[in-house]
Amino acid sequence: MTDMDWLIWARGPGLSVALAIFFFGMMLRAFEILGLGRKMDLSVTRSDSPGSGWRTMVTRSLPIPSLRRRAPVTHLLGYVFHIGLLISVAFFVPHIQLLRHTVGVSWPALPTPLVDAAALITLVALVAVAIHRARDPVKRFLSGFEDWFTLALTFLPMLTGYLSFHHMLLPYTLMLALHILSVEVLLVFMPFTKLAHFGSLFLARWYNGDLAGHKGVAS
């Protein structure tokens, strides 16, 4: 296959298959989570903590002082690469155009140089996360195959996207095809790995906050 053949396949059948597996997997994961059920709470609902679920979604997304003191590197790098990843994925003009073409939804993009800088910072942060995890004895002990695998799944789309945008290393058509294929591999594995937390994160925080608020516990 030529470079163009790879690109056409990645943009067509490859993307369709990846999206089908992704949506099926995420629906399955949501069914598993919601299907766990919840025992009926017979306690009296406290009235001094309204909206605790929504409040917890916000407070648990903000920096936690105790974690900044105990694990400053992990805390800082986590925020840097998550924010950079969000900017790179959600506010890059070609990504927004693809979304508008696919589902008819769009929003304003950020300036391309800003997104480019965010992508580079994200790449550096991901490398730093890997180095820190490999050098820290506790994190190295706790890290299994899935942890390294999901880190690689996140890193490769960022790397290939950055290289294709700057026309580096390989011909543009081939590098763009590799970028799209790496994204599709990420979509395929996302529902079945720890990366699924992107869809369950805020649901879990809302649930824990609502449960704490019901008991009158501040969260």
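As an exercise: evaluate V89 against (1) touching a residue at least 12 places away in the same chain (Cβ under 8 Å); (2) crowded, with 16+ Cβ neighbours inside 10 Å and give the number of the one condition it does not meet. It is condition (1) that V89 fails. Going by the conditions given, is G53 at pLDDT below 90 and at positive phi? Considered against the rule, which asks whether it is at pLDDT below 90 and at positive phi, G53 comes out as no.
Let me confirm something: among V58, V89, V80, which residue is modelled with pLDDT of 75 or more, in a helix (DSSP H, G or I) and more than 27 Å from P157 (Cβ to Cβ)? Working first, answer last.
Details: V89 fails: more than 27 Å from P157 (Cβ to Cβ); V80 fails: more than 27 Å from P157 (Cβ to Cβ).
Of V58, V89, V80, the one residue that is modelled with pLDDT of 75 or more, in a helix (DSSP H, G or I) and more than 27 Å from P157 (Cβ to Cβ) is V58.
Out of F141, F149, F155, I need the residue that is in a helix (DSSP H, G or I), surrounded by fewer than 16 Cβ atoms within 10 Å (Cβ to Cβ) and touching a residue at least 24 places away in the same chain (Cβ under 8 Å). Which one? Let's see the steps before the verdict.
Working: F141 fails: touching a residue at least 24 places away in the same chain (Cβ under 8 Å); F155 fails: surrounded by fewer than 16 Cβ atoms within 10 Å (Cβ to Cβ).
Being in a helix (DSSP H, G or I), surrounded by fewer than 16 Cβ atoms within 10 Å (Cβ to Cβ) and touching a residue at least 24 places away in the same chain (Cβ under 8 Å) holds for just one of F141, F149, F155, which is F149.
On inspection, V73 qualifies as modelled with pLDDT of 75 or more and over 30 Å from M175 (Cα atoms).
None of A109, A118, A125 is surrounded by 16 or more Cβ atoms within 10 Å (Cβ to Cβ), hydrophobic (A, V, I, L, M, F, W, C) and not in a helix (DSSP H, G or I) except A109. Whether any residue in the range 192-200 is within 16 Å of the chain's Cα centre (by Cα) and without any contact (Cβ under 8 Å) to a residue 40 or more places away in the chain is what I want to check. Yes, because at least one residue in the range 192-200 is within 16 Å of the chain's Cα centre (by Cα) and without any contact (Cβ under 8 Å) to a residue 40 or more places away in the chain. Among the residues making up the range 183-213, a single one is touching a Phe, Trp or Tyr at 6+ places or on another chain (Cβ under 9 Å) and among the hydroxyl-bearing types (S, T, Y): T193.
Let's see how each residue does on (1) modelled with pLDDT of 95 or more; (2) of a type in the set (S, T, Y):
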{"position": "T122", "(1), (2)": "yes, yes"}
{"position": "I131", "(1), (2)": "no, no"}
{"position": "D136", "(1), (2)": "no, no"}
{"position": "K139", "(1), (2)": "no, no"}
{"position": "S143", "(1), (2)": "no, yes"}
{"position": "E146", "(1), (2)": "no, no"}
{"position": "F155", "(1), (2)": "yes, no"}
{"position": "M158", "(1), (2)": "yes, no"}
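The values are calculated or read from the model by the stated rules, or taken from the named source; none is laboratory data. Please read all numbers here as calculations on a predicted model, not as lab measurements. Reconstructed Cβ throughout: ideal geometry from the backbone, glycine too, with neighbour counts over all protein chains shown.
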